[in-house]
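The block underneath contains the structure these notes are about, expressed in structure tokens.
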Amino acid sequence: MVAQFFFGDLLTTGSGKLRTGIESNDQEENQQSAHEEAFRIGDEITHKGPILHICIHLSTAFISRPRRYIESMILTPEILAGLRRDTLVVFFTGAGISAESGLSTFRDVDGYWARYDPTQLASPDGFRRDPELVLSWYAHRRESALNAQPNAGHKSISDFQKLFQHAVVITQNVDGLHARAGNREIIELHGNLHRFKCFRCGQPLSAPCGEAAVSCQCGGPGRPDVVWFGENLDPGQLQAALDATHHCGLFFSIGTSSQVYPAAQLPLEAKRAGARVIEINPHLTPMSAMADLTIQAAAGETLPTLYREIHEALAV
């Protein structure tokens, strides 16, 4: 794999050359430039100093550090040392992992909220104004989700759940791809668009043919069982997520913008409780500066590699 690393103060690449934005044959000059560049970028990211930051493109088995080659390991010895098969592992996922299956995100430049008004399509007031519009939009999203397939990231989580005795998925996604990938112990913080409930009393409803145009016994209309803007998370789901977060030893934050609260608080809670936090995201987020390890790449590229590393470490 060609990997770009910030190890606190040094930028290296899998080509064996120090990347500084300029080419030079003078290694000492490159080292000094890399040192300064890493601190500059680190300061920009954290506002308090550089962090370990990894940008990964899978293609070769070696990375370089100054003056010598070593076999590539993404995970640090400090992270691996604390892992056992009975370690509680949390996989906290956002729209990014579903985007790898072809589903739209929400906050990217081409995401849903760049094209639609969330107050019209994902709020109680919007449903009251035009329930048919809201239901048709969610019918479209259900169809898109059913046509999508779980990707290598989803499937790797199933492998992790076989490796560890306790591994929990906490997801902000409502598309059901985790369950279709065979993931277990799934906490759906924002609900599931394949389920329905009464808009008035909240009673779960069954909807034939996947349509939510049904009514409750109380007379209320059916709606998708998802959390809309202006609504609270289900207390039971949130408490289950907090319990897992506070007791885990390893916390993966995968494909989430770290901007939607209270869910975005979970990685911070894990860190405060003493867990190692690994962020996997093609983009830097507010969480990047606080994670023990930030991997700027897709989950489908990264999780299979991390699984192999952890599997080998636990086999020793």
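This table checks each residue for (1) in contact with an Asp or Glu (Cβ under 8 Å, 6 or more places away or on another chain); (2) surrounded by fewer than 16 Cβ atoms within 10 Å (Cβ to Cβ); (3) assigned by TED's automatic domain parsing to the domain that holds A241; (4) without any contact (Cβ under 8 Å) to a residue 40 or more places away in the chain.
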site: P124; (1), (2), (3), (4): yes, yes, yes, no
site: S158; (1), (2), (3), (4): no, no, yes, yes
site: H166; (1), (2), (3), (4): yes, no, yes, no
site: I170; (1), (2), (3), (4): no, no, yes, no
site: F196; (1), (2), (3), (4): yes, no, yes, yes
site: F199; (1), (2), (3), (4): no, no, yes, no
site: L205; (1), (2), (3), (4): no, no, yes, yes
For G230, indicate whether it is surrounded by fewer than 19 Cβ atoms within 10 Å (Cβ to Cβ) and assigned to a loop (DSSP other than H, G, I, E, B). yes
Suppose the filter is in contact with a helix residue (DSSP H, G or I) (Cβ under 9 Å, 6 or more places away or on another chain), outside any helix (DSSP H, G or I), of a type in the set (D, E, K, R) and within 17 Å of V169 (Cβ to Cβ); does E279 pass it? yes
Examine segment 233-247 for a residue that is in the same structural domain as L103 (by TED's automatic domain parsing), without any contact (Cβ under 8 Å) to a residue 24 or more places away in the chain and assigned to a loop (DSSP other than H, G, I, E, B), and state whether such a residue exists. no
Do the conditions hold for E301, that is, is it touching a Leu at 6+ places or on another chain (Cβ under 8 Å), more than 17 Å from A167 (Cα to Cα) and either among the β-branched types (V, I, T) or crowded, with 18+ Cβ neighbours inside 10 Å (or both)? yes
Residues that are of a type in the set (V, I, T), crowded, with 20+ Cβ neighbours inside 10 Å and either touching a residue at least 24 places away in the same chain (Cβ under 8 Å) or within 30 Å of T245 (Cα to Cα) (or both): does segment 209-226 have at least one? no
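The values are calculated or read from the model by the stated rules, or taken from the named source; none is laboratory data. Note that the structure is predicted; figures quoted are calculated from it, not measured. Heads up, the Cβs are rebuilt from the backbone with ideal geometry, glycines too, and the neighbour counts pull from every protein chain shown.
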